[in-house]
Amino acid sequence: MDSLTQNIALKFTRANFVPEKITNRDYYHRDNLVQIKSPTTTINHPLTTKPTRNTRVFSPISLSKKAAGPGAGEEPELKKIRIRDPVSSTDMASHDPIIKEERIAGISSAIRIIPDFPKPGIMFQDITTLLLDTKAFKDTIDLFVERYRDKKIDVVAGIEARGFIFGPPIALAIGAKFVPMRKPKKLPGEVISEEYSLEYGTDKIEMHVGAVQAGERALVVDDLIATGGTLTAAIRLLERVGVEVVECACLIELPELKGRDRLGDKPLFVLVSST
Ligand SMILES: O=P(O)(O)OC[C@H]1O[C@H](OP(=O)(O)OP(=O)(O)O)[C@H](O)[C@@H]1O
Ligand SMILES: Nc1ncnc2[nH]cnc12
């Protein structure tokens with residue numbers, strides 16, 4: 001590190017680290033730190049930081065070779081690497097349980113409950129108010145993305161209708177394809193379908209043939225789990241064609257309806273439990 005860089009090196013804490021405000025940045029690994037250089041500052045951050053697409057990295061091995069060799073003391077040559085996700089303040093927040101709790105509290109309070117809709121006795125969980133709250137909506141997507149971005153998910157399967165709101169941004173952020181699971185007679189191509197039981201009668205969901213391949217890893221996304229009938233049908237549909245359903249993710253669970261039990265061993269991740 002040259003003396004100018006050394007002079008402006010900055011010690012920092014998570015609280016005062018605001019990655020978005022650093023421009024023209026270079027990142028590289030030095031021992032157990034990532035060093036972020038801008039024209040005016042250099043920040044050393046623990047390696048938990050995610051580098052960006054423009055990150056240039058050298059390994060501690062090439063560093064120590066350089067230190068012992070003829071070019072010792074000089075800045076090593078930086079090489080470009082391919083990085084999936086940009087650094088954001090969310091990456092910092094994702095490791096902080098208090099910030100996580102605060103985000104979940106904000107999400108929970110942004111969901112409106114409408115009694116007796118669509119029929120008497122139902123406490124309807126209305127997520128449209130959450131969509132009006134840009135922070136709560138973004139926090140919702142971020143929390144799912146934080147959980148799934150390193151889980152090698154190939155497919156996000158979203159259930160009509162409200163799974164179509166949350167599924168696509170998650171899929172885009174984790175680099176997975178999005179597959180809609182629709183109500184009957186909505187999809188134009190050849191479909192496979194799965195029937196499931198409701199409180200009274202039955203319903204069906206459908207998926208396009210060829211949308212998924214055997215061996216792919218899927219995440220099933222919906223806004224809410226009540227009796228678990230819809231998610232169970234979605235899992236069956238995917239498993240019938242050889243897809244591995246890694247987990248189901250919902251914004252809201254109504255635990256009194258015991259939908260989780262109906263999923264058996266299949267993991268279910270929810271942000272908010274509503275009684
Ligand atoms: O766990 P379950 O008992 O199966 O219920 C959960 C499902 O019910 C709701 O959808 P709904 O069937 O009301 O359809 P919509 O999203 O098209 O309104 C909800 O969005 C889930 O998809
Ligand atoms: N209480 C509820 N609120 C919103 N969607 C639902 N789907 C099933 N039960 C629901």
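General observations
- Subtracting the Cα-Cα distance of GLU101 and ARG262 from their residue separation scaled by 0.36 nm leaves 55.2 nm.
- For the stretch 179-275, a crude dipole built from +1 on the beta carbon of Lys and Arg and -1 on the beta carbon of Asp and Glu, taken about the Cα centre, is about 200 debye to the nearest 20.
- Seen from THR128, the other residues with C-beta closer than 12 Å to its C-beta sum to a net charge of -1, counting Lys and Arg as +1 and Asp and Glu as -1.
- Packing order of peptides 162-168, 178-184, highest average first: 162-168, 178-184 (average count of other Cβ atoms within 10 Å over each peptide's residues).
- Residues whose amide H comes within less than 5 Å of that of VAL243, counting only those at least five positions distant or on another chain, are GLY215 (H built at 1.01 Å from N in the peptide plane).
- Cα-based Rg of the stretch 148-242 normalised by 2.2 N^0.38 Å, two decimals: 1.02
- The stretch between PHE124 and LYS152 holds 6.7 nm of extra length on full extension. This uses 0.36 nm per residue minus the Cα-Cα distance.
- Carbon + sulfur, % of accessible area of the stretch 195-272 - ligands and nucleic acids excluded, 1.4 Å: 48 percent
- For a label point 7 Å along the Cα-to-beta-carbon line of GLU195, residues of the stretch 232-248 with backbone N under 17 Å: 232-234, 236-237
- Scanning residues 5 or more positions from LEU268 or on other chains, those with amide H under 5 Å from its amide H are CYS248, with H placed 1.01 Å from N in the peptide plane.
- Pairs exceeding a 18 Å alpha-carbon distance, out of LYS151/LYS183; LYS119/LYS204; LYS100/LYS138: LYS151/LYS183; LYS119/LYS204.
The values are calculated or read from the model by the stated rules, or taken from the named source; none is laboratory data. Quick caveat: nothing in here was measured; it's all calculated off a predicted structure. Heads up, the Cβs are rebuilt from the backbone with ideal geometry, glycines too, and the neighbour counts pull from every protein chain shown. Surface areas here come from the heavy atoms of the whole protein model, side chains and all, with no ligands, DNA or RNA. Shrake-Rupley method; radii C 1.70, N 1.55, O 1.52, S 1.80 Å.
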